[in-house]
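**Student:** Structure below; questions to follow.
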Amino acid sequence: MTTEPRVLMFPALDSATAAAHLRAELALEVDPDDLVQDLTSDAQGGYVIVETRASEAFASARIPGAINLPYRDMTPESVSELDRGLVYICYCESIHCNAATKGALKLAELGFKVKRLSGGITAWEAAGYPVDRDTLAPVLTSAPTPRCAC
């Protein structure tokens, strides 16, 4: 008896359809390595990094240069001063948190161009990239299970 491989139970897409899907996926996401390379080079223009969790999380650990705009607080009024010509790169705690997705969705619905940072601050720190912290803030992103704080 021959058994079909489970990974082929749903056939792969044709190459053109797959390429279109993957291109769209990359249009919505950036990884920590690409972002840190931009931040440490002359290629820093055109985007803003946005921590979409609560201010407590922002105080605990944030990507240098990020702004704090909790997704729960996003309204037409709270984002009225943002530059609509920029791309907003939203991040949260990790792949186990969807605050970045919620924030990016709200910003997109309000007319902004958005991307998400893959893996959030957890992936950023795991890669050894620098973080800013408020001096008196408790560290929320500690192993093995970071606290979302969104």
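The values are calculated or read from the model by the stated rules, or taken from the named source; none is laboratory data. Just so it is clear, the structure is predicted and the values come from calculations on it, not from any experiment. All Cβ positions, glycine included, derive from the backbone under ideal geometry; neighbour counts span all protein chains shown.
**Student:** Return a yes/no flag: does the range 74-83 have any residue that is touching a strand residue (DSSP E or B) at 6+ places or on another chain (Cβ under 9 Å), at pLDDT below 95 and more than 18 Å from Glu29 (Cα to Cα).
**Tutor:** No, the range 74-83 contains no residue that is touching a strand residue (DSSP E or B) at 6+ places or on another chain (Cβ under 9 Å), at pLDDT below 95 and more than 18 Å from Glu29 (Cα to Cα).
**Student:** Also, I was wondering about something else. Across the range 46-75, what is the number of residues that are closer than 18 Å to Asn98 by Cβ, of a type in the set (Val, Ile, Thr) and free of Cβ contacts under 8 Å to residues at least 40 places away in the same chain?
**Tutor:** 0
**Student:** If you don't mind, there's one more thing I want to ask. Is there any pair with a first residue in the range 83-106 that is more than 20 Å from Gly46 (Cα to Cα) and a second that is part of a helix (DSSP H, G or I) and of a type in the set (Gly, Ala, Ser) whose Cβ atoms are under 6 Å apart and which are 6 or more apart or on different chains, and what are they?
**Tutor:** Matching pairs, first to second residue: Cys92/Ala99; Cys92/Ala100; Cys92/Gly120; Glu93/Gly120; Ser94/Gly120.
**Student:** Inspect the range 53-65 for any residue being surrounded by fewer than 10 Cβ atoms within 10 Å (Cβ to Cβ) and either touching a Pro at 6+ places or on another chain (Cβ under 8 Å) or not in a strand (DSSP E or B) (or both) and give the result as yes or no.
**Tutor:** no
**Student:** State which residue is surrounded by the most Cβ atoms within 10 Å (Cβ to Cβ) when the search covers only the range 6-45 and only residues that are touching a residue at least 40 places away in the same chain (Cβ under 8 Å) and part of a helix (DSSP H, G or I).
**Tutor:** Among them, the one singled out is Pro32.
**Student:** Also: Could you list all residues from the range 74-113 that are assigned to a loop (DSSP other than H, G, I, E, B) and of a type in the set (Phe, Trp, Tyr)?
**Tutor:** Matches in the range 74-113: Phe112 only.
**Student:** While we're here: Given the conditions (1) buried (at least 22 other Cβ atoms within 10 Å of the Cβ); (2) among the polar types (S, T, N, Q); (3) touching a Phe, Trp or Tyr at 6+ places or on another chain (Cβ under 7 Å), which single one is not true for Asn68?
**Tutor:** Answer for Asn68: the failing condition is (1).
**Student:** Assess whether Leu136 counts as being part of a loop (DSSP other than H, G, I, E, B), in contact with a strand residue (DSSP E or B) (Cβ under 8 Å, 6 or more places away or on another chain) and either modelled with pLDDT of 95 or more or not hydroxyl-bearing (Ser, Thr, Tyr) (or both).
**Tutor:** no
**Student:** What do you reckon, is Gly85 surrounded by 22 or more Cβ atoms within 10 Å (Cβ to Cβ) and farther than 22 Å from Tyr129 by Cα?
**Tutor:** no
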